[in-house]
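Below is one structure; the comments refer to it alone.
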Amino acid sequence: MEKKAKAEKEIVIVPIDTPIFDFSVDFLITYVKKLRFDNNTAGVVLLINSPGGAVGATERLYTTIRGLNKTVYAVIAGLGASGAYYTAVAAQRIYATPSSWVGNIGVIAFL
């Protein structure tokens, strides 16, 4: 009789490497929501290189990540500004390369 191999838990990398707008995060949000119920996923690494984007889309992404029942780390490699940094704050830890540009949760409005 064969023994079934126990499934190994995985760390899933979620790239956030475009400006954060509704059309660019809809797929990410759907994907991250599915991870919540995936028993083979031990944790998530957000790989961030984004200038941020729209407030509403950023809030949706942040809330979805914050609602995960997994360990979440954010790694900023390049640019993590505005909404991208706000998204990173949803993680338990944030790591950044020494040359990354990080920070500024804010809004710019042109009148």
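For K34, the aspartates and glutamates whose Cα falls under 17 Å of its own Cα, not counting residues fewer than eight places away in the same chain, are E10, D26. Helical runs assigned H by DSSP (4 residues or longer) give the chain a calculated mean residue ellipticity at 222 nm of -8500 deg cm²/dmol, each run adding -39500 (n - 2.57) before division by the residue total.
Relative to the current alpha-carbon distance between N40 and I13, full extension at 0.36 nm per residue lengthens the span by 8.4 nm. Measuring nothing but alpha carbons in the range 10-103 and taking Rh as the Kirkwood radius, the Rg to Rh ratio lands at 0.94.
The aspartates and glutamates whose alpha-carbon is closer than 16 Å to the alpha-carbon of K9, local same-chain residues fewer than 8 away aside, are D38.
Taken together, the values in this text are just the output of simple stated rules run on the coordinates, not laboratory data. The model shown is predicted, which means the values in this text are computed figures rather than measured ones.
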